[in-house]
Structure formats: C-alpha cells, structure tokens
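The values are calculated or read from the model by the stated rules, or taken from the named source; none is laboratory data. What you see is a predicted model; the values in this text were computed from it and never measured. Neighbour counts run over all protein chains shown; Cβ positions are idealised from the backbone, glycine included. What goes into the accessible areas is simple: the full protein's heavy atoms, side chains included, and nothing from ligands, DNA or RNA. Shrake-Rupley method; radii C 1.70, N 1.55, O 1.52, S 1.80 Å.
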Amino acid sequence: MNATEPPAAPVIGSEYNAGDIAWTLASTALVWLMIPGIGYFYSGMARSKNALSLIMLSCCSIAVVTVQWFLFGYSLAFSRTGSKMIGNFENAFFRGVLDQPSVGGSKVPDLVFMIFQCMFAALTPALAIGAAAERGRIVPTLVFIFLWTTFVYDFIACWTWSPNGWSYVMGGLDFAGGTPVHISSGAAALAYAIVLGKRSGDQKDFRPHSMSNVVIGTCFIWFGWFGFNGGSALAANLRAAMACVVTNLAASTAGLTWVLLDYRHERKLSVLGFCSGAVSGLVAITPGSGFVSPASSVAIGFIGAIACNLAVRLKHYLKYDDAFDVFAVHGVGGIVGNILTGIFAQSWVAALDGSTVIAGGGLDGNWIQVAYQLADSAAGLSWSFCVTYLILVIMNKIPGLTLRADAHHEHTGLDLAELGEPCYGHHDDKTVDTRVEIGEANSGTQSVESLGVKA
C-alpha cells in the first residue's frame, strides 16, 4: 500500500461477530416461516370454504405489522428512552436504527434486532385472529391487526423485554415470548370470540377439512420455533443450542402426551391430537427456553400438554366459540409456561451465553420468582383481554368496520364471499363431476363400482 494513502475507514458493524448476526438473521427467516405455517394449520382445521381466507390473513399479518413496525411499532416497544409501560417515537421510521448495540443484547446491532423482533410482532396477531375464523370479515380484521399491535403487543413487549419495562426491571423471566406472544394472543382470541359470537350452523359440521394442511402447518411451526426460541439468544452460542434442545424435547413430550390423553376416549391415535400437543409444548417451553435444563423441559412439555388439553373444554362450559382453541393452547399454555419457568429456571443455563446472571427459580431456592411470573402473566392477560375487547367494541360501531360477516356470506364461505377465489377450485369441479357420474350410474344399469368410484 502507498504510504501516502490514508488508512481505510473501519467497516460499519465490523465490531460484531458475523456468526452471531448470521444466526439471528437465519432465525428471523425461521420465524417468518411460522406465520404462513399458522395459516396452513388454521386452514386445515376450518371448513374448506374458509380455508384460503385464513392463509391470506396470516400472510397479510406480516405485511400490516411490518408497515406498523416501520412507522412507530419498533420505537414504541424498544426505544431506549421509553417509560416503564411504553416507548416513544425516538426511533419512528427506523431513525437511528443501524449499528448501535441493540437494546436486546450487545452482540447484535439494532438493525438485526429490529427485523428479528418484527417477526414476533407479525406472528402474534396471526395467532389471535384464529378465534374469529369462518365469520370475521377480512378488511376489519386487517384494521384490527394494526390497532392491536399498537395498543396491546407493543405495550406488553416493552414492559417484558425493554430494559426500561416494569416487568424486566422487576425481574420477570421471559426468554422468547410467553407473555407478549402467547398470553396476549390467547387473551385477544378469547375477547374476539366473545364479541363475534358463535359460528352459525350445526356444531357437528365444524370439523377439520384437511388434516394434511394441519400437519404441514405444524411442521412449519415446529421447524420455525428453533429460530423463535434459539434465535432469542441473539448469538450463536451454547445458550442458543440449549434453547433448541429444550424446545424440541418439550414439543415431542407434549405431542405424545396429548395423543395418550385423547386415546382413552376413542382408542384411536389422533393426528390432530399430536399436532395440538406439539404446539402446546412449544408454547409452554417458550418463556423458559433460555433458562431451563433438558430434564426440566420434559416436565414442562408434559404438564403443558395436560393443562392445555383440559383447557380445551372451557369453551363448552363457558359457551364461547374459540374456533381453533387459541386461548386454551396459547393463553393457558403461556400461563403454565410462565409459572413453570419460575420453578425450573436455573442460573447455570442462563450463564451459558457467558454474560447473563439470574438468581434462578425454585430449583435454585429463589421461590419469589414464581410470584414475579404470576404478576407478569396476570398483567399481560388482563391488559390484552380488556384492550382487545375495547378495540373490537369500538370498531363494531364504526360504519364499514363491522366485524362479523353477514349470514349469507358466512353460509357461502369467506373465500368466495370476500376473496372471490376458492381454495380448491379444481378439486371442487372434480367433486361435482364425480357426483354427476354417480347420479347417472345410479339411474341406469351401470354400477358405481364399474365407474371406478367407491360408494
């Protein structure tokens, strides 16, 4: 190099470990994949005439929340000068969000942390709107997603994960979203189901139309959850690896537990039961995934599956129509996970990243942690339910934002009524043709079997 040339300026962000950034960005993509996974999971559980609308809403949640996150959502949740309840507009339009050490951890810059957290914000309302399936209008639902993210999610994310938040300062432990994601979405789903009322039609007709969609959705969700929990370490280290291990263990334990719980009723191994159980285990392990050992994760998966399985019956006793049991799985699962984190959290697990120091939970003799977890859970549940209910009631009184589809559209199905496109157009055509052939066969001398169609 010529001695007269000035030294090269340091590359912006070169002080960070490239592996930590790469892992967090890869985890961002994994969490993104969970969102259409939720759409497929919900679409399979719905009737075919509403399947496409649920996939559409999940994907639109990404778009709506991404815009909200850019405008002011990220700033409200994570601005450095925010209050104990909510941030401010310091980082609106992503001003100043670039290469400073993030508020979530010093090992990744603000820009990386921002996009990672954006996926959490987009996923949460996608979970909640499952309670409104088959009867909630699409455009008002998109407006609701924007408002709910602003007045519910951003508040709870701030007090849970921002260094200024009251729960964070109190000492609450929530590694990856027990309260901001699961309890908040479960409580919102309960409020949505109550405000909308029950679906019209015979209860016996409300059955999954495509178990293959449910399984595909579950696979996307489970796969993405490695980034959801493992990525929350915000570094490629042993703590991230432990989070992935306990995530997989809890989901596996819970899936098997749910299958066995349902087996006692009909002596059948339920695919839907396994999928629901796996998701309940993923929910329950979320808050403690960076704090608990593998042995503890087995207990969390087992207890979480039992609690959520029992909670599914709540809608029959309380007579609300939570179409896909969002409150039972995510609300109750999140509460159980938070409490069990207070019991099973251990300081040596948190210290695997080389910097985090906690007093641990009950296993470490710090039983006051259970009280902190209860306080955080109760606050998140109450805030989400009350504010969600208020948003929905107000929206329902505004012309053009009526939440529920009219009876005709509900009978037709939201796919055709609001999207103008069926989920299975080609399949439906074949079904009609087959019925014609069967009718002709029955009216003539040719048998159904000779047409190659089983009766």
Search result, residues across the range 234-261 that are open to solvent by 20 Å² or more (accessible area, probe 1.4 Å) and in contact with an Asp or Glu (Cβ under 6 Å, 6 or more places away or on another chain): A236, N237
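In the range 47-70, how many are more than 26 Å from H409 (Cα to Cα) and touching a Ser or Thr at 6+ places or on another chain (Cβ under 9 Å)?
3
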Which residues, counting only those in the range 367-386, are surrounded by fewer than 18 Cβ atoms within 10 Å (Cβ to Cβ) and more than 20 Å from the chain's Cα centre (by Cα)? W367, I368, A371, L374, A375
Scan the helices (runs of 4 or more DSSP H) fully inside the range 154-220 and keep the ones with 3 or more residues being out of contact with any Ser or Thr (no Cβ under 7 Å at 6 or more places or on another chain), among the basic types (K, R) and modelled with pLDDT under 95. none
If you scan the range 314-339, which residues turn out to be more than 24 Å from R47 (Cβ to Cβ), of a type outside the set (F, W, Y) and either modelled with pLDDT under 90 or open to solvent by 20 Å² or more (accessible area, probe 1.4 Å) (or both)? V332, I335, V336, I339
Take V349 and tell me if it is surrounded by 24 or more Cβ atoms within 10 Å (Cβ to Cβ) and either acidic (D, E) or over 21 Å from V181 (Cα atoms) (or both). yes
Residues (open to solvent by 20 Å² or more (accessible area, probe 1.4 Å) and over 14 Å from L33 (Cα atoms)) located in the range 214-231: V215
Kindly check whether there is at least one residue in the range 67-77 that is small (G, A, S) and open to solvent by 80 Å² or more (accessible area, probe 1.4 Å). no
For A233, are the conditions met, namely being of a type in the set (A, V, I, L, M, F, W, C) and either free of Cβ contacts under 8 Å to residues at least 60 places away in the same chain or within 25 Å of S75 (Cβ to Cβ) (or both)? yes
Name the residues in the range 36-62 that are open to solvent by less than 30 Å² (accessible area, probe 1.4 Å) and more than 17 Å from the chain's Cα centre (by Cα), would you? A46, N50, A51, S53
Within the range 273-296, of all residues that are of a type in the set (S, T, Y) and not in a helix (DSSP H, G or I), the one farthest from G360 (Cα to Cα) is T286
Considering only the range 297-324, state which residues are touching a Leu at 6+ places or on another chain (Cβ under 8 Å) and outside any loop (DSSP other than H, G, I, E, B). S297, V298, A299, I300, G301, I303, G304, A305, I306, N309
